Amino acid sequence: MDDTDKSRCSGNPMDYCENDPTNPRNWSKTWKWSIVVLIACLSAEVQLCTIIAAPVSPHILQAFHSNNLLYRTLLVTIWELGEIFAPLVWGPLSEFYGRRWILNLANLLFITFLTGTALSTSIQMLVAFRFLSGLATACIPIGPGIVKDLFAKTERGRAMSVMSLTSVVGPVVGPIIGSYLGEQAGWRWVFWLPTLLSSLLGILILVLYRETYKVVIFARKAAMHRSRAAGTTPSLLRSKHIRTTIPGPKLLSTALIRPLTLLSHSPVLCLSTLHLSTIYGLTYLIMTTIAPVFQDVYAFSEGASGLAFLGLCLGFTLGAVICSVLLDRYIRSRSPPAAAPEHRLPPLFPASLTTAAGLFLFGWAVHYRVHFIVPIVGTAMVGLGLAVTSVTVQTYVVDAFGVYAVSAISAVMVFRNTTAAFLPLAGPPLFGGLGYRWGGTVLAGVVLVGAPVPLVLMRFGGRWRGRNCGGEV
């Protein structure tokens, strides 16, 4: 189904008129891109918070007179645990109440919990607030849905590239900022800085963003249509609208389990999730390996080792630029009836080969202690592969699942975040047992085993969507 805007005005409140100001796709480009950039910046700042505590964790333990190394790990991983559950809550709720209220409520909670982190008086309190902060991250699962609300299919790729780039750049920049800020200003400022940034972005989003989810917009238009026919006053209409939008327990539970329902019933979503989660988890494994490698093998200082993450950052940026150029151009080259979501997928196969080559190069270069620029090139290739995979898969899922795009994206992110939280734990035993040479080779082999998945989706995805998901919603 082509989800381009209607060009007629039928008087039906469940339809858009031509040049309808309530249709977000008719808003000015400046307004739409302002929203995308704000949500993208908030997503980047959220992801930056994930790992920003890692460089200052020894100082935190020292400040609270603790020598328990478990807390050093928990300061980072407990956030990921919260992010595993967050999409299951915020994504479905945004499809019930709309994006605006859920996004602003989550932002308020996020700022509150970040403030609690900065003011913590014990290590246990800090860990608890880190978990709650991760649980309050709504912008990442809701962001791709907002892009779908604002842009037609032929214009969506560039906005998705911007949205996805920020979510992978944040974890790379986080260690660099955390190490230098903690050294100069103290560990509490590592948490105060994102608190202040989140507050500023939250205020801007509250002012500039208005509802974009068409199901909620149509419901409001239908309510206004009924009120005019019945002569209901605006104040009475608002009170009735509030009462009718409070869901019963059955409806609410159905909405909350929708991401897992979609995942269990859709081979398309299952394979897309598996493919992205694998690449994402392996990239996080390499990210957790970079600092030890460049400190132990290449004798970098603690501060300089953070600069080794710039290779990943360069790869992410280049991958996002490639997707921005290619995804929409290829869709536009197809006539609208033939522009199926599967036409987003061709970049995935070369992205898998690039990721595998980067992992192989990183492992062998470190083993033979080749000049440090070579393993950094390897990480750049890994970053490029992840950026292309992330942007392409998320755009494909958004195209394929229509009004339930956020629930589908939420399902993807639950498992993506799970692999990011737990797969890096396999890094030390893998490289310790096999060495960097064969460890990198094993990781490259895992990627190559999954490389045919995009080809399978391109061949059978349209048939599976029609049979199991009802096609594009």
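Just one of (1) more than 20 Å from the chain's Cα centre (by Cα); (2) surrounded by 22 or more Cβ atoms within 10 Å (Cβ to Cβ) trips up residue 186, so point out which. Among (1) more than 20 Å from the chain's Cα centre (by Cα); (2) surrounded by 22 or more Cβ atoms within 10 Å (Cβ to Cβ), the lone unmet condition for residue 186 is (2). Among the residues of the range 341-369, those that are open to solvent by 30 Å² or more (accessible area, probe 1.4 Å) and among the aliphatic types (A, V, I, L, M) comprise 353, 357, 361.
Looking only at residues in the range 44-101 that are aromatic (Phe, Trp, Tyr) and farther than 19 Å from residue 138 by Cα, which one is surrounded by the fewest Cβ atoms within 10 Å (Cβ to Cβ)?
Selected residue: 64.
Of all the numbered requirements in (1) assigned to a loop (DSSP other than H, G, I, E, B); (2) of a type in the set (S, T, N, Q); (3) in contact with a helix residue (DSSP H, G or I) (Cβ under 7 Å, 6 or more places away or on another chain), residue 179 misses one, and that requirement is (1).
All conditions in (1) at pLDDT 70 or above; (2) more than 30 Å from residue 59 (Cα to Cα); (3) in a helix (DSSP H, G or I); (4) not assigned by the TED database to the domain that holds residue 458 hold for residue 225, with the sole exception of (1). Against the list (1) touching a residue at least 60 places away in the same chain (Cβ under 8 Å); (2) closer than 29 Å to residue 310 by Cβ, the condition residue 432 fails is (1).
Rundown of residues vs (1) within 27 Å of residue 401 (Cβ to Cβ); (2) polar (S, T, N, Q), yes/no style:
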{"site": "24", "(1), (2)": "yes, no"}
{"site": "55", "(1), (2)": "no, no"}
{"site": "60", "(1), (2)": "no, no"}
{"site": "66", "(1), (2)": "no, yes"}
{"site": "75", "(1), (2)": "no, no"}
{"site": "81", "(1), (2)": "yes, no"}
{"site": "89", "(1), (2)": "yes, no"}
{"site": "92", "(1), (2)": "yes, no"}
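Among the residues that make up the range 1-14, is at least one of them at pLDDT 70 or above, surrounded by 11 or more Cβ atoms within 10 Å (Cβ to Cβ) and of a type in the set (Ser, Thr, Tyr)?
No.
Among the residues examined, residue 413 qualifies as hydrophobic (A, V, I, L, M, F, W, C), touching a Pro at 6+ places or on another chain (Cβ under 7 Å), closer than 25 Å to residue 322 by Cα and in contact (Cβ under 8 Å) with a residue 40 or more places away in the chain. Return the residue satisfying two criteria in turn: it lies in the range 409-440 and is under 18 Å from the mean Cα position of the chain (by Cα) and aromatic (Phe, Trp, Tyr), and of such residues it is most open to solvent (accessible area, probe 1.4 Å). In this case the residue turns out to be 422. Residues that are open to solvent by less than 50 Å² (accessible area, probe 1.4 Å), charged (D, E, K, R) and without any contact (Cβ under 8 Å) to a residue 60 or more places away in the chain do occur in the range 20-42. Checked across the range 375-385, the condition of being part of a helix (DSSP H, G or I), among the polar types (S, T, N, Q) and modelled with pLDDT of 90 or more holds for at least one residue.
Looking across 306, 315, 311, one residue alone is modelled with pLDDT of 75 or more, assigned to a helix (DSSP H, G or I), in contact with a Pro (Cβ under 9 Å, 6 or more places away or on another chain) and crowded, with 16+ Cβ neighbours inside 10 Å. It is 311.
Is it true that some residue in the range 102-121 is of a type outside the set (A, V, I, L, M, F, W, C), open to solvent by 20 Å² or more (accessible area, probe 1.4 Å) and outside any helix (DSSP H, G or I)?
Checking the range 102-121: at least one residue is of a type outside the set (A, V, I, L, M, F, W, C), open to solvent by 20 Å² or more (accessible area, probe 1.4 Å) and outside any helix (DSSP H, G or I).
Apart from one condition, residue 377 fits all of (1) surrounded by fewer than 24 Cβ atoms within 10 Å (Cβ to Cβ); (2) touching a helix residue (DSSP H, G or I) at 6+ places or on another chain (Cβ under 7 Å); (3) within 30 Å of residue 215 (Cα to Cα); the exception is (3). Identify, from the list 443, 448, 455, the residue that is at pLDDT 85 or above, assigned to a helix (DSSP H, G or I) and crowded, with 21+ Cβ neighbours inside 10 Å. One residue alone meets the criteria, 443.
The values are calculated or read from the model by the stated rules, or taken from the named source; none is laboratory data. The shown structure was predicted, so the numbers you read here are calculated from the model rather than taken from an experiment. We place every Cβ from the backbone using ideal geometry, glycine too, and count neighbours over all the protein chains shown. Keep in mind that these areas ignore ligands, DNA and RNA; they rest on the heavy atoms of the full protein, side chains included. Shrake-Rupley method; radii C 1.70, N 1.55, O 1.52, S 1.80 Å.
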